[in-house]
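The next block holds one structure in the form of structure tokens; read it before the comments.
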Amino acid sequence: MEQLKNILLYLFAFSVLLLHPSLNNEKNPLSCIHYLAYGNTFKLKFDDTIDKDKLYIKWTCENQNADCNELDIFIGGKKVNTIPFESGQQELIVYYNNKLVGKLEQTKTKEKHAHTYFISLNSIESNNLEFKGEITGPSSAVATMITSLSNLISQH
């Protein structure tokens, strides 16, 4: 009985180590296990000057065989969908007050690769909005864009 407990403990510890995010890269067959364990993760951070109701994020994919080629991810202050698992050229596009503030592009080589998508929006000096985006995983990417807040305010 003690031997079975030890085997199960070692098996559990080994499984936890296999699922460590640092092992999720394109050259590693464990990426499919990460896909099953984690899926895609979307994280959004913004400061208190950002009106979340004016924020809209959509995902697009140029893969014609994809189940969907365009999907709302964040709208009306809420996350409404998860980022799907598709291969090919993809974009996460961020709009504020119906105007583009940032775009995060990725070429995903395999459908079953798990990624973390992180978007950060912050007001910075000189009345500007800073977009920072990062994708971690086998097909990683980083993007930064600064937009003048005066360009984002509707003038009626």
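Derivation of every value follows stated rules applied to the coordinates shown; laboratory data play no part. As the structure is a computational prediction, the values presented were derived from the model and not from experiment. Note: ideal-geometry Cβ built from the backbone for every residue, glycine included; neighbour counts use all protein chains shown.
Cβ neighbours within 10 Å, averaged per peptide: list 129-140, 1-12, 53-64 in order, most packed at the top. Spell out each step's value before the answer.
Values: 129-140: 19.2, 1-12: 8.7, 53-64: 16.7.
Ranking, from highest mean packing down: 129-140, 53-64, 1-12.
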- line: Of the listed links K78/K108; K58/K99; K58/K78; K54/K99; K52/K108, those spanning more than 20 angstrom between alpha carbons are K78/K108; K52/K108
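Tell me the Kirkwood radius of segment 40-152: reciprocal of the mean inverse pair distance over distinct alpha-carbon atoms, in Å.
Computed over segment 40-152, the radius equals 14.3 Å.
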query: Which entries in K5/K110; K43/K110; K43/K112 show an alpha-carbon gap greater than 27 Å?
result: K5/K110
